[in-house]
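Asks: Take a look at this one; I'll ask things after.
Here, each number is a calculation from the coordinates, and none is a lab measurement. Please read all numbers here as calculations on a predicted model, not as lab measurements. When we count neighbours, we look across all protein chains shown, and the Cβ atoms used for this are built from the backbone with ideal geometry, even at glycine.
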Amino acid sequence: MTDRLKLARPSGRTYAGLAFAGILVMLVALGAGLASGKPTQARTLGGTKHSPEPLCPQRPGENTKPPPTPDQIKHQCQVVGSVTGFQQMAAGHRHRFVMPKTGKIVAWAVDVANPNHFEEKAFGSRDFFGTKALGGDPTARLAVLKKKPHSHYKLVRQSETVDLQSSQGSKQYITLQKPLKAKKGAVIGITFQTWAPILAFNSKVAKHNSWRASRKSGKCQSSNADENRRLAINAKPQTKTGSIRQYGCSYDGRLLYWAYYVGT
């Protein structure tokens, strides 16, 4: 079962090189900040001129006393969980996560927010997105998808699951020890078997950013908050290689992930 994969925990903000097709592809070293933010000699999927900030923590916090009223909340902590998704429009541009040529994904990245302890405990609980196999930590993995008719997608291959707990509050780069083959036209998505705070959302972001999720149409969202929670919890990520799932739900917002590939 894919859910039983050993978690590959990233080593903070340090990087290693990787060999691919006889060429040494080096990840950019970090000093106080990012030098260029991506592997050299690799092209970026998902790149835009500006990237919005991820949500979390909520301001003011949910655990303040007395709790804030709705009109006092500047923004709520929102995360993504129990789903596979891909960005269909980023900063007004479509197809930013579609492979323009056949190649291999050699690395990927996520911009992870820093939820407070109250939010971590809530989203990581077993009755929300926590799982027996993976616990309550935020996790993610890349997915290579092949488009099928009627908003269906086949999971061609996927990376190992990465635990993002130690990456909160930073942009984390993950080198793939086994690069993922991806044909021209493949869609590069991201899977959340538990949850991850990598969502950017506000009225400005919503105008130019949207993503699709592995949920059936008609089970996307509700005007009732409790029903929305139930729909999110009951949704399932696409983790079985070779399976075909409907991506029938589209949501406003930006999933803050990137992929880096080398053409063959």
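Asks: Quick one: go through the stretch 102-126 and flag any residue whose amide nitrogen is under 17 Å from the point 7 Å out along the Cα-to-Cβ line of K184.
Replies: 102-105
Asks: If amide hydrogens are placed 1.01 Å from N in the peptide plane, which non-local residues have theirs closer than 5 Å to the one on K171?
Replies: Amide H neighbours of K171: V112.
Asks: Using label points projected 7 Å from each Cα along Cα→Cβ, tell me how many nm separate K146 and K101, to one decimal.
Replies: My value for the distance between the label points is 2.2 nm.
Asks: Within 10 Å, count the other beta carbons around each residue, average over each peptide in 240-250, 181-191, and list them highest first.
Replies: 181-191, 240-250
Asks: Give the long-range amide H neighbours of Q88: residues separated by 5 or more places, or on another chain, with amide H under 5 Å away, using H modelled in the peptide plane at 1.01 Å from N.
Replies: S210, W211, R212
Asks: May I ask you to evaluate 6.51 cos²θ - 1.76 cosθ + 1.60, the Karplus curve with θ = phi - 60°, for each residue of the stretch 121-137 and list the ³J(HN,Hα) values in order in whole Hz, giving x for glycine and proline?
Replies: Running phi through 6.51 cos²θ - 1.76 cosθ + 1.60 with θ = phi - 60° gives 5, 5, 6, x, 5, 5, 8, 10, 10, x, 10, 5, 6, 10, x, x, 6 Hz.
Asks: Here's a follow-up. Using packing as a proxy for protection, rank 154-163, 170-179 so that the peptide with the highest average count of other Cβ atoms within 10 Å comes first.
Replies: Top of the packing list down: 154-163, 170-179.
Asks: Order the peptides 130-137, 98-105, 76-83 from the highest to the lowest mean number of other Cβ atoms within 10 Å of their residues.
Replies: So the order, starting with the most tightly packed, is 76-83, 98-105, 130-137.
Asks: Over the Cα atoms of the stretch 41-263, what radius of gyration and what Dmax do you get, in Å?
Replies: Both quantities, over Cα of the stretch 41-263: 16.8, 55 Å.
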